[in-house]
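> The structure's right below; bear with me while I get my questions together.
The values are calculated or read from the model by the stated rules, or taken from the named source; none is laboratory data. Treat the numbers as computed from the prediction; the structure is a model and nothing was measured. Here the Cβ positions follow ideal geometry from the backbone for every residue, glycine too, while neighbour counts run over all protein chains shown.
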Amino acid sequence: MDRAAIIGVGMTKIEKRKISQTFADMAWEAVNKALTDAGMTLDDIDNVVTTSSDFWDGRTISCMAVGDASGAAHKNISCVEGDGTYGAFYGMTRALSGSYRTTLVTGHTKGSESVSSLITNAAFDPIYERSLGMDMITACAMQARSYMHRTKTTAEQLALVSVKNHGNALKNPLAQLPMKITVEDVLKSEMVADPLHKLDCSPVSDGCAAVIIAHESVAEKFRQKPVWVRGVSFCADSFFFGDRDLSRARSLAQAARKAYAMAGVHDPKKEIDVAEVSDAFTYQELLWLEEMGLADDAAAGKRLERGEFNLDGPLPVNASGGLLSGHPVIAAGLYSMAAVVRQIRGDAGGFQVQKAKTGLVQGVNGLGGQSHCVWILDKDK
Amino acid sequence: MSDQFQGIEPMVYQSQINVPYSWWAGDTATRFFVTLRDEKKITATKCGDCGKVLLPPRKICPRCFTENMEWVKVSDEGTLLTFAVAGRPFAAIPADKKVPVIWGLIQLDGADTALLHYLDGVRPEEVSIGMRVRAVYSEVRKGTIRDISHFKPVK
């Protein structure tokens, strides 16, 4: 099979309110940073995939509005609605298709401009569920309780995810919420949706990220040493909450297995050096790690307590500070991907981990992690 | 660039997208809601291939991908699988609900999947996973999911 690599990344700083930039201004900044990073010009880009959501953008056919700022004039442009990792997946398949060699993928969100509770409520079934008034936070609170009940994971262990990730963000100048906090600070923060405290939840954020994906035939033609895609997969679980075992993420286990098989990873605990996973809520980092086999079942909290997911631990998780430290919803997975790419290149600056040959990126779409996209990236082809 | 707003107020434009939708419930949900409204009964569909009883009822079994479904009545009593308690008045919460609002995922006896709904008549600290709950029907029923007012603990 032909191979693809990530050869450039660019991100805006993640902020609570980017009042000086429209969504298109953010995209322009991220795209130019990615082109500079890759040592490319727009002429080197064969096609563009944007990732956006009409509801977050407050406009219909939102992908058409971001094309100009993504440098798509006169190019083939397509759009994915959902997390940036899914846009990247589509972008990669285009680079591998034979029709294109390089794809620019962007993802943006200005969470500060709307009301996330109303947007995520509209993800529920309009006939059977929506009028009950749940949203992403209350849905995830339900999942958090289910996970904690099954695994006996404690509120303190959840809080420790927040402490670790906000602490890591102190070393990432792009992060929105670098903070030195304690477990007690998290437990004393407002109980917004029991069992989730305010500091168990990611913030409302603005930001845009761009990545450039290339076919192997051109991957080494530009400035950066390519970061190779060794494996990637995404899978989805049932839509209705009540059809799933909420304490688990069956689709993630499935996606990870497929990505590992494609990458030839036999023992992920030993072979994955660094991971950026979707920590929109603290419990998710632990649940996702277990489902991906990066911790034993019901044991991620204990690995966390032993410091094993710390920046200097055997498996640094969310060394960038993760989504808890800044969560531009649609762009989130591209930020995670860019963080792992920089780790593997040795370019992560203050949050660089010691060993980063093989990295894992996970993106999520849907309420309570209905669907997951897992990437295995590597220094070596 | 950083001082570009010096002496001027950043401009903000207020707007909203307001589009009415008419959701056709389809024959399956229509039958479910008519039975709920007129008979105060909760019904589900059972897949003739895998035998699973699906609530909310579906016309197609999502596992088997077939429409070999028959209607069955399920109990209005069941087990609470998990729950969430809103401490803040999130924007999506209906105006008639006051925080703390409790939602539960309830597996009714006779169903293989669980239903999302409110828990009420109980303090949040008294709710626990595994507790038995029963449907309380609304006085005025209009053929919506809120024809079930809420679920309350079985004493």
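> Can you name the residue in the stretch B:46-67 that is within 14 Å of chain A (Cβ to nearest Cβ) and assigned to a strand (DSSP E or B) and is also nearest to B:V140 (Cα to Cα) among such residues?
Across the stretch B:46-67, the extreme among qualifying residues is B:L54.
> Show the residue pairs that are 6+ apart or on different chains and have beta-carbon atoms under 8 Å apart, the first residue being within the stretch A:112-136 and more than 8 Å from chain B (Cβ to nearest Cβ), the second being aromatic (F, W, Y).
Close Cβ pairs satisfying both conditions: A:S114/A:F55; A:S114/A:W56; A:I119/A:F55; A:I119/A:W56; A:A122/A:F55; A:R130/A:F124.
> From the list A:G98, A:G91, A:G82, which one is out of contact with any Lys or Arg (no Cβ under 7 Å at 6 or more places or on another chain), more than 17 Å from A:T12 (Cα to Cα) and surrounded by fewer than 19 Cβ atoms within 10 Å (Cβ to Cβ)?
So the residue among A:G98, A:G91, A:G82 that is out of contact with any Lys or Arg (no Cβ under 7 Å at 6 or more places or on another chain), more than 17 Å from A:T12 (Cα to Cα) and surrounded by fewer than 19 Cβ atoms within 10 Å (Cβ to Cβ) is A:G98.
> Just a yes or no: is a residue in the stretch A:198-215 within 12 Å of chain B (Cβ to nearest Cβ), over 23 Å from A:L311 (Cβ atoms) and at pLDDT 95 or above?
Looking through the stretch A:198-215, at least one residue is within 12 Å of chain B (Cβ to nearest Cβ), over 23 Å from A:L311 (Cβ atoms) and at pLDDT 95 or above.
> Follow-up question, since we're still on this one. Go through (1) aromatic (F, W, Y); (2) in contact with a strand residue (DSSP E or B) (Cβ under 6 Å, 6 or more places away or on another chain); (3) facing chain A (nearest Cβ under 7 Å) for B:F90 and report which single condition fails.
Among (1) aromatic (F, W, Y); (2) in contact with a strand residue (DSSP E or B) (Cβ under 6 Å, 6 or more places away or on another chain); (3) facing chain A (nearest Cβ under 7 Å), B:F90 violates only (2).
> Same structure, new question: Has the stretch B:35-45 got at least one residue that is more than 8 Å from every other protein chain (Cβ to nearest Cβ), in a helix (DSSP H, G or I), free of Cβ contacts under 8 Å to residues at least 60 places away in the same chain and not acidic (D, E)?
Yes.
> While we're on this one: May I ask you to list the residues in the stretch B:1-43 that are within 17 Å of the chain's Cα centre (by Cα) and on the phi > 0 side of the Ramachandran plot?
B:K40
> Would you please name the residue that is surrounded by the most Cβ atoms within 10 Å (Cβ to Cβ), looking only at residues in the stretch A:205-257 that are over 25 Å from A:V31 (Cα atoms) and hydroxyl-bearing (S, T, Y)?
Top of the filtered list is A:S251.
> Can you tell me how many residues within the stretch A:75-102 are farther than 15 Å from A:S53 by Cβ and assigned to a loop (DSSP other than H, G, I, E, B)?
Selection size over the stretch A:75-102: 7.
> So how many residues does the stretch A:203-218 have that are of a type in the set (G, A, S) and part of a strand (DSSP E or B)?
Total satisfying the criteria: 4.
> Quick one: in the stretch B:65-108, which of the residues that are hydroxyl-bearing (S, T, Y) and surrounded by fewer than 16 Cβ atoms within 10 Å (Cβ to Cβ) is nearest to A:S247 (Cα to Cα)?
B:S75
> Of (1) in contact (Cβ under 8 Å) with a residue 12 or more places away in the chain; (2) among the small types (G, A, S); (3) away from every other protein chain (no Cβ under 14 Å), A:A73 satisfies all except one. Which?
A:A73 satisfies all of (1) in contact (Cβ under 8 Å) with a residue 12 or more places away in the chain; (2) among the small types (G, A, S); (3) away from every other protein chain (no Cβ under 14 Å) except (1).
> For the stretch A:145-174, give me each residue that is crowded, with 20+ Cβ neighbours inside 10 Å, touching a residue at least 60 places away in the same chain (Cβ under 8 Å) and facing chain B (nearest Cβ under 8 Å).
Of everything in the stretch A:145-174, just one residue is crowded, with 20+ Cβ neighbours inside 10 Å, touching a residue at least 60 places away in the same chain (Cβ under 8 Å) and facing chain B (nearest Cβ under 8 Å), namely A:S146.
> I would also like to ask the following. Check whether at least one residue in the stretch A:27-37 is at pLDDT 95 or above and touching a Lys or Arg at 6+ places or on another chain (Cβ under 7 Å), and report yes or no.
Within the stretch A:27-37 (the criterion being at pLDDT 95 or above and touching a Lys or Arg at 6+ places or on another chain (Cβ under 7 Å)), the answer is no, since none of the residues qualifies.
> Oh, and also: Which of the following residues is more than 19 Å from the chain's Cα centre (by Cα) and modelled with pLDDT of 95 or more: B:K97, B:K52?
Only one candidate qualifies: B:K52.
> Then there is this: A:D83: of a type in the set (D, E) and without any contact (Cβ under 8 Å) to a residue 40 or more places away in the chain, yes or no?
So A:D83 does not fit the description; no.
> Still on this structure, I have one more. Please find, among A:V49, A:V9, A:V31, the residue that is closer than 30 Å to B:V19 by Cβ, crowded, with 23+ Cβ neighbours inside 10 Å, among the aliphatic types (A, V, I, L, M) and touching a helix residue (DSSP H, G or I) at 6+ places or on another chain (Cβ under 8 Å).
Being closer than 30 Å to B:V19 by Cβ, crowded, with 23+ Cβ neighbours inside 10 Å, among the aliphatic types (A, V, I, L, M) and touching a helix residue (DSSP H, G or I) at 6+ places or on another chain (Cβ under 8 Å) holds for just one of A:V49, A:V9, A:V31, which is A:V49.
> Can you pull out the residues in the stretch B:101-129 that are within 8 Å of chain A (Cβ to nearest Cβ) and farther than 19 Å from A:D125 by Cα?
Once the filter is applied, which keeps residues that are within 8 Å of chain A (Cβ to nearest Cβ) and farther than 19 Å from A:D125 by Cα, the stretch B:101-129 yields B:V101, B:P124, B:I129.
> Next up: Can you confirm whether A:D279 is of a type outside the set (K, R) and surrounded by fewer than 22 Cβ atoms within 10 Å (Cβ to Cβ)?
Answer is no for this residue.
> Can you tell me which of (1) surrounded by 13 or more Cβ atoms within 10 Å (Cβ to Cβ); (2) out of contact with any Phe, Trp or Tyr (no Cβ under 8 Å at 6 or more places or on another chain); (3) facing another protein chain (nearest Cβ under 8 Å) is the one B:F5 doesn't meet?
Single failed check for B:F5: (1).
> Can B:I17 be described as modelled with pLDDT under 95, within 8 Å of chain A (Cβ to nearest Cβ) and surrounded by fewer than 15 Cβ atoms within 10 Å (Cβ to Cβ)?
It is true that B:I17 is modelled with pLDDT under 95, within 8 Å of chain A (Cβ to nearest Cβ) and surrounded by fewer than 15 Cβ atoms within 10 Å (Cβ to Cβ).
> Would you confirm, using the coordinates I've provided, whether A:V353 is at pLDDT 95 or above, buried (at least 24 other Cβ atoms within 10 Å of the Cβ) and β-branched (V, I, T)?
no
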